[in-house]
Structures are given as C-alpha cells and as structure tokens.
Amino acid sequence: MTKSARISQSAFDGSKLRVILLLDLYEGAQQQFLDAYEHMRNTVASVPGHISDQLCQSIENPSQWLITSEWESALPFLDWVNSEEHIQIVRPMHSCVRDTRSMRYSVLRETHPEQPLAAEAARANLQTAARVGAGRTRHALTFTVKPGSESKVADILANYDAPEARINGITRLHRTSLFMHGNRVVRA
C-alpha cells in the first residue's frame, strides 16, 4: 500500500488558526453592519489568543464582505466563539447579513518579504514540514448544538452505538473519535 500524499493537520496541535467569514449583506444594511463590526472588533481585540483581524469588501460586488481573523491556536478561538459574550456581540450583525459561511484553517506556512523564511517559521512556531497521511482518508463532522442542551446531547452521544468497522470488501473504518467543546460537537 502506498502512503497518501495528503497533508494531515489537527486543529488542536497548537498551530495558529486563520478564520475566514464570508458575508453577503442585505441591501442598505452596510452602515449598520459597519457599526456592529466596529463594536465587535474593539471587543475581540482584548480576547486572549486573538492576534489580528481584517474586514474586506468585494471590489466586484459591494454586498459581499470578508472578515478574517488570526488566533494563536484553535482553543482560544473556540472558547471565544462558543461564549455568551460572542453570541451577544454578533447578534446586531444578524439583521444585516443575508448569508454567511465560516471556514477555519490551521496556518502551515507564512511569507513575509522583510524576513527570511526559516527565521519567520522559527519565530512564529510554524511547522517546518507538512505532515503526510498514512494511506488513510480521514473525515470529520462538526455541528453546533442549541445552548443549554449540551448535557442532553452529551448523554445521547455517550450511548451511541459504534458503527460497523467493515464497510465493504475493501473499505474499513479504523476508529472514530467524538468530543464536545462548549456547544460544538466533532466526530472524526
């Protein structure tokens, strides 16, 4: 069996985290959105683990916006995004936004023209080599549960029957992992 050339990355290995939020605003909601974002930006700047954020507007479609943020690692971000404070701060944005999509990535490499690459990797504590998979395909499902229902969901998941290991003649499930952090559930 040949090894997979895919890169394998854990969200909880201590790598910096880049969060990308794509937004499509309702017509006429731009100023309300900017006011809500300014309030959120000032608050998140003091959250432990937050490094920076950017607000960008599409040059092709002015209703499309992008918010990126960088975090020291996934755990401070997850603590923040699952907090009651975060829920309250983003609430004013809900009436401005028609559609949203959130993506989260571990930072593997960075380039800064003013610094040599090796020195930057050492300074930022980045991985110097990508991890290569071991011939396995990994999948994960993640979902958010309704606040206040975490203990009920934990009970349901604790009593969940294990899936069949043998899928067909060539496909086999090696193992599953399930964990819950705040109101976020991940099954891998």
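We did not get these values from a lab; they are worked out from the coordinates using the rules stated. None of these values were measured; they are calculated from a predicted model. Reconstructed Cβ throughout: ideal geometry from the backbone, glycine too, with neighbour counts over all protein chains shown.
A few comments on the model shown:
- Backbone N under 11 Å from the T68 label point (7 Å along Cα→Cβ), restricted to region 29-57: 53-56
- Sequence-ordered 3J(HN,Hα) estimates for region 34-41 from the Karplus curve with 6.51, -1.76 and 1.60 and θ = phi - 60° stand at 4, 5, 5, 5, 4, 5, 5, 4 Hz, glycine and proline given as x.
- Close amide H contacts of K16 (hydrogens built in the peptide plane, cut-off under 5 Å, sequence separation of 5 or more or a different chain): V107.
- Considering every alpha-carbon pair of region 17-124, the percent of pairs per 5 Å bin, from zero through the bin containing the longest distance, is 2, 11, 20, 22, 18, 12, 8, 5, 2, 0.
- Total formal charge among the other residues, if their Cβ is under 10 angstrom from that of L21, Lys/Arg +1 and Asp/Glu -1: +1
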